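The values are calculated or read from the model by the stated rules, or taken from the named source; none is laboratory data. These numbers come from a predicted model, not from an experiment. Reconstructed Cβ throughout: ideal geometry from the backbone, glycine too, with neighbour counts over all protein chains shown.
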Amino acid sequence: MRTQDEAEAKRHYCAECAAWRPGRVCTLCGIDLETGKRLTTEQLESSDIAWGALDAPSTRAYFKVMARQIVPSLPGGLLCWFFVFMGLAFHTARWVPGDFGDLPGRLLACFSATLWLIERTRAARSHTPDWDPIELGGSLFRALLVFPLLAGVSMGASTWAYVAAACSAPVFPLLLGAYSSEDPRELYPQNLVFALRGTTGYLRVVLASAAGMVAAVWALGYAEGAASWRAAVVALAVTAVGTFVGLARRGAEHIPDYHDD
């Protein structure tokens, strides 16, 4: 029988998916954690690792991984900043004929932020490039279904928008993580429960994602500030939320566990 102390001693930390793995292999990332080398498919298939749930790594280690993943995504965040900036500055541009007010521009800014949120979450979860042309069509469709809530909250359209946002905050990371996939079955209640049980440090994920979304909503709705820095706050906040939720969901996909021999 393998004791808990022996199991703890053989755990290795995978910096790619920010999770602890038993033994020396992370089968999710395909890496030998002692040598840092990637394994072949045959080597992974011969692994005797079982799947289950483990304790979360430290908060400091997780945020270190998230920061390292955010930096490569900044070019995508810069594109988000550009479209959000164009939207927020739309009603002040001299080249725009007529007086439409700020509604069209704010809608464009909200949709751009929503699209980048979906796309960044998908990329962080699947460990693939941002703004992938193959995946962009699906992200556009999903963003169309989500952005009315973000627009309603940021523009203060109704008290019910704030109520809906507050009530959805505890399950927001679960829903966003599932929604970043092309498979609608991930939104089934039983699959959401499975993802909740597999997500390590879920309270930390909820608090971080809520803080980021509050910052993004505030910057979108604060009409007195300059469009440049408001767009920067939106882009950075959405990038952080998407990365954090995507990494959390990635860690919940396949987390190895110990079983008694």
### Task
Find all pairs meeting these conditions: Cβ atoms under 8 angstrom apart; at least six residues apart or on different chains; first residue within segment 127-156 and touching a residue at least 60 places away in the same chain (Cβ under 8 Å); second residue β-branched (Val, Ile, Thr).
Leu150/Thr114; Leu150/Val217; Val153/Val217; Ser154/Val217
### Task
Take Arg68 and decide whether it is within 15 Å of Ala124 (Cβ to Cβ), among the basic types (Lys, Arg), at pLDDT 65 or above and out of contact with any strand residue (DSSP E or B) (no Cβ under 6 Å at 6 or more places or on another chain).
yes
### Query
Is one or more of the residues making up segment 241-253 modelled with pLDDT of 85 or more, over 25 Å from Gly30 (Cα atoms) and surrounded by 23 or more Cβ atoms within 10 Å (Cβ to Cβ)?
yes
### Message
I need the full set of residues from segment 111-135 which are modelled with pLDDT of 90 or more and touching a Gly at 6+ places or on another chain (Cβ under 6 Å), in order please.
### Response
Leu117, Arg120, Thr121
### Message
Among the residues of segment 169-188, what is the count of those that are more than 16 Å from Thr199 (Cβ to Cβ), assigned to a helix (DSSP H, G or I) and either in contact with a Gly (Cβ under 6 Å, 6 or more places away or on another chain) or at pLDDT 80 or above (or both)?
### Response
1
### Message
Test of understanding: among Ala211, Ala123, Ala166, which residue is buried (at least 17 other Cβ atoms within 10 Å of the Cβ), in the same structural domain as Phe85 (by TED's automatic domain parsing) and assigned to a helix (DSSP H, G or I)?
### Response
Ala123
